[in-house]
Amino acid sequence: MPWKETDTMKERHLLISDYLRGESTITTLSLRYGVSRKTIYKWIERYEEEGFEGLTDRSRAPQGIPHRTDAAHLDILEDVKAHHPSWGPRKIVKYLERTSPELDWPVPSTVATGSRNEGLFFLASGVFGLSRIPSPSKVARHRMRCGVRISRVPSKRAMAVLAIR
């Protein structure tokens, strides 16, 4: 005997048809079709508002991003960065807070991450506050401060530790 083929839309149509006939309760329908009563009530409401087209799956993506920096602020940030190319996000935000305190400016980290896509700021290896790519000596000093060896040739002490292991 072949398998019975079905899809979600057919099942929803059958569920609504069974409901409209009035032969079964919502609880019986939920047990028969394996969905919650809340979902059945939602589909009934959609059917009554939009017909069978209302039973299709809907996007779960958010309709908007409420925390996104608006275009007007980004334009002003771009203008300031164009006039002062050596300034980083911190200095730009402080300058804008002094010159236009009536506007609500984003924090420097938001300026840096939001403007990175525009190519305004380059952040080297996640270090905040660098407005341009640092020189190799600055990177070496940073690595030494963090305890990372920059030498590719192992020292005698490192070789001795490796030999013991």
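Data table
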item	result
Residues being in a loop (DSSP other than H, G, I, E, B), hydrophobic (A, V, I, L, M, F, W, C) and over 19 Å from ASP57 (Cβ atoms) - total across the range 1-42	2
Members of the range 55-80 that are in contact with a Phe, Trp or Tyr (Cβ under 9 Å, 6 or more places away or on another chain) and within 14 Å of GLU11 (Cα to Cα)	LEU55
The listed residue being touching a residue at least 24 places away in the same chain (Cβ under 8 Å) and either farther than 30 Å from SER17 by Cβ or of a type outside the set (Ser, Thr, Tyr) (or both), out of HIS67, HIS83, HIS73	HIS73
Yes/no for ASP57 being assigned to a loop (DSSP other than H, G, I, E, B), exposed (fewer than 12 other Cβ atoms within 10 Å of the Cβ) and among the charged types (D, E, K, R)	yes
Odd one out for TRP87 among (1) assigned to a helix (DSSP H, G or I); (2) within 29 Å of the chain's Cα centre (by Cα); (3) of a type in the set (Phe, Trp, Tyr)	(1)
Among (1) β-branched (Val, Ile, Thr); (2) part of a loop (DSSP other than H, G, I, E, B); (3) buried (at least 16 other Cβ atoms within 10 Å of the Cβ); (4) at pLDDT below 85 - the single one ILE133 does not satisfy	(3)
Flag if TYR41 is surrounded by 10 or more Cβ atoms within 10 Å (Cβ to Cβ) and at pLDDT 95 or above	yes
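The values are calculated or read from the model by the stated rules, or taken from the named source; none is laboratory data. Everything numeric in this text was worked out from a predicted model, so none of it was measured. Positions of Cβ are backbone-derived with ideal geometry, glycine not excepted, and every protein chain shown enters the neighbour counts.
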